Amino acid sequence: MPEERNYFVHESSYIDAPCEIGEGTKIWHFCHIMSGARIGRHCNIGQNVVISPRVSIGDNVKIQNNVSVYTGVILEDDVFCGPSMVFTNVVNPRSHVSRKNEYKTTLVQKGATIGANATVVCGVTIGRFAFVGAGAVVTKDVPQYALVIGNPARQTGWMCSCGIKLPFPSTSAPLDSASCDKCGKRYERLDGRLSEILSTTAASTVYMGDFGEKIPNFGIK
């Protein structure tokens, strides 16, 4: 009797055992999930997607059509990969030279978006809730909440976690702040880094993200 699945796989797709696929995940037409891959819960894997061995994918990740996720790539929770975007895992490939022991790690952190037809050169980190525009070529790390576009990708602004561009002034002061016009979340920019303001009291401001390493919360729980 076949093992009962708590996830969906279209009959045209191939799943190589052993691998891990979380509850509620949907894998659509013509996909190939290779042995040793891990896919979290409630993910949506679009048509013609390849997930290579030892790839790690978190919960609620959406991978659109025609994407190959190669060994060395880590996608945290809530990541969005647009249609036909490209990952790589070798810096200097040659057909006649085996470099399987030189795969680079590419980390896409929680909530980040990678737009359609973008290319991510291996060995970089794309920060939490960063937004890579369609067609961009990412060649270096992308800060959390940063909006990057172009070839090579350059930062042109900041994005709220809900996906709306934040209204920061074009000229940056050493310390400034902005609120999302859509959801109202508040952010503070300090020394070229952005963090969400979770709460503020007379004694302290509590942040989510990098600022927690630099600004004490004075005992605020």
ask   = Restricting to the range 108-129, what's the tally of residues that are within 18 Å of PRO83 (Cα to Cα) and buried (at least 21 other Cβ atoms within 10 Å of the Cβ)?
value = 8
task = Give just the number: which of (1) more than 21 Å from the chain's Cα centre (by Cα); (2) closer than 21 Å to GLN109 by Cα does VAL55 not satisfy?
result = (1)
request  = Answer with yes or no whether LYS26 is under 13 Å from PHE80 (Cβ atoms) and among the basic types (Lys, Arg).
outcome  = no
note = Screening GLY212, GLY192 for residues that are modelled with pLDDT under 95, of a type outside the set (Lys, Arg) and at positive phi leaves only GLY192
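The values are calculated or read from the model by the stated rules, or taken from the named source; none is laboratory data. Computed from a predicted model, the values in this text were never measured in an experiment. Glycine gets a Cβ as well: all are built from the backbone with ideal geometry, and neighbour counts include every protein chain shown.
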